[in-house]
Structure formats: C-alpha cells, structure tokens
1. Are any of the pairs K70/K172; K70/K94; K172/K293; K242/K293; K116/K259 more than 22 Å apart by Cα-Cα distance, and if so, which?
2. Got a sec? How would S269, S61, S146, S122 order by Cβ neighbour count within 10 Å, fewest to most?
3. Mind pulling the per residue volume of the convex hull built on the Cα atoms of the stretch 213-327? Å³ is fine.
4. Report the full-extension gain for the segment T312 to S82: residue separation times 0.36 nm, less the Cα-Cα distance, to one decimal in nm.
5. In nm, what is the difference between 0.36 nm times the number of residues separating E254 and V54 and their Cα-Cα distance?
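Rule-based calculations on the coordinates, nothing more; no lab input. Everything quoted here is computed from the prediction, not taken from an experiment. We place every Cβ from the backbone using ideal geometry, glycine too, and count neighbours over all the protein chains shown.
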Amino acid sequence: MNKIVGLVVIALVATSIGVAVYASVYSSTPEQELNSLSIRNEMGGFHNTPEEYVLNTALPSVPDKLMVYKVVTNVSEVEAASLAERLGLNGSIKETSDGEAFALRDGSQHHLLILKISGKVSYTNTSKTPEWVVESERDRPEGVPSDEEAVEIATKFLNDKGLMPEDAVLRKVVPRTPLIFIPDYNGKKEIVTLWKGVEVWFGREISGFPVTGCGAKMSVEIDGYGNVKDIYKLWRECEPYKEYSIITPEEAFEEFKRKGVDVRLRNVSTATINKVYLAYYSKCAGEEQTYLKPVYVFEGKAKGERGGYNETMHFVQHIAALQSFEE
C-alpha cells in the first residue's frame, strides 16, 4: 500500500502541475472588448462557414434597449484578509510575487487565492478528508450527500462565509469521483478511487438575463463526509451604467451566418441552431473587463469531420447585441 500511495502522490503532483500550466495559459489569452458585431466562442476550435444553416427554434422577442453594466470589482488586501478569516484560515494574506493576486497557504491543506483583475476566488481544504478514504465505508456511494443535501450544504457554507451573491442561480449538481490508474508489476492496472463526492454549480442572472462566458461561475465541491473541499467563484461585481439600443434577433442571425461557426470540427456542412437568447458576456478570470455587455447566444449542433470521420458536435457562439457603444 505504501508503494501505491507514493505513486499516487507523484501522479497527483504531475496532474496538478499540468492543470496549473493549462489554467495559466488559457486565462492569459488576450481578448478585445466585445463591440461592433464581433464573436467570442469559449469552445475554441476551427473556424467554419457551413453550407447550410438550419434555424430549429423561434427567434426571441427582445426589448429595444438593454442596460450595460460597469464592472466595479476592486479587491483589496483588507477584503482578502477578511475572507481568509471567515474561512478560518491561519496566517497572513500576502500579495503574490507578480502582484496580480492575494494568497494564503495555511499549512499544506488550506489554500486561498484571489485574483485582483477579476476577483476570482479559489479555495481548497483537504484537511477534513482522510488522505485515502478508499478504505472507508463512508467512501461508498450511499455515503455521498444526495443532490438536495449537497445544495443545502453548499448554500449554507456560502451564506455563512459571505460568499453567496444575490443574483446566483442553481444550475446543476454533478458527481465527483476522482480515479487513478496504478500499474502493477505484471503490467495490469489497478483502479483506485481517491474519494467520492458531489459538486454544486451556480450560474448568474442579471435583470432576468443569464450571464454567459467563462467568467460567471461558482462551484462548491463536497466530499462523501459532507465537508466542503473546494470553492471556485468568478463573479465580477458590477453596477448599472447606461442603456443602449440593440440589434434585432434577425440582424444577429444574419451576422452569425456571415461570421460562421467555431467548433472542433473541419468541413462543417450544417449548423443547426436549437437555442437563441440574450445574455450578458463575462470574460475569463485572467482577463480585464470594464463592462458587461449584452450578446446574442446561438447554441446548436454542427455536422462536420473529425479525424477522418463524420461527427456532430455542440457549439455555443456569441454575437454582440449593441448597435454601437460609446462611453
């Protein structure tokens, strides 16, 4: 068992490094403010101009104008220290060497990081979960909190720690079962369950419109013992700025067809649009954002080629909704 644990630790460290590198590269990707009729697609991929567009839904009824919101996120050292105290962390909050965040490491099991540019909060607590709960009876599926229990635990924790926004909306509850494959001396692989739990995801709505993009997410990870293990919160504070005229859904659809589809497929023949709606767009954690502006969101299925085979893949495309924008 000691050898297995050693291998697992090495694998986890390697995985953590890989994730950290990926997160750093992805979040630092430059992006201009959405203006005019530009597109932003979080899913990436290849740019395609399909031969056929199929509108499989009715275009929405929309107002003539929508409010633009100004971002007022301002993370101070005092606020960061206050959050650390509410989370029960020991030690002093410190600015990172690059000056881009505040961080606190309480021993090897408590980690808090707050990005200044976006206010993103990342908190990890592994102290309450045994190192290897695979040997515990509570690690069995029946020991994991139900969806309803998980939502109750997550909501109470966020409220108690002052982290629950008023405009948060429950999105989904998903199981979390990290596994690791460990080769033995005979070339076979043993599957080890590190722990089991659930993850509660919240989305955001502003004035009845959802917030889209990678910058409006909050999740709470709960282990099989009902303890909160991780929190991820990217929630830019904002305030009403000005109302602006928006383009019609028909104009947005024409712009969508002119721009094409970005998806991880080549030679896309057909793009079927199943949902069209208005939303506010929020950028990723490492990107600066001054305003939350409305966009038209087109969701659907694209038919194309991948690795020499025909495949259908989901896409999400954004078209800026403002006719024009001047501060």
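1. Values: K70/K172 28 Å; K70/K94 28 Å; K172/K293 25 Å; K242/K293 10 Å; K116/K259 34 Å.
From K70/K172; K70/K94; K172/K293; K242/K293; K116/K259, over 22 Å: K70/K172; K70/K94; K172/K293; K116/K259.
2. Values: S269 14, S61 6, S146 11, S122 18.
Placing the least packed residue first, the sequence is S61, S146, S269, S122.
3. Numbers: hull volume 19.5 nm³, N = 115.
Hull volume normalised by residue count: 169 Å³.
4. Details: separation 230, 0.36 × 230 = 82.80 nm, distance 4.80 nm.
Extending this stretch completely gives an extra 78.0 nm.
5. 70.8 nm
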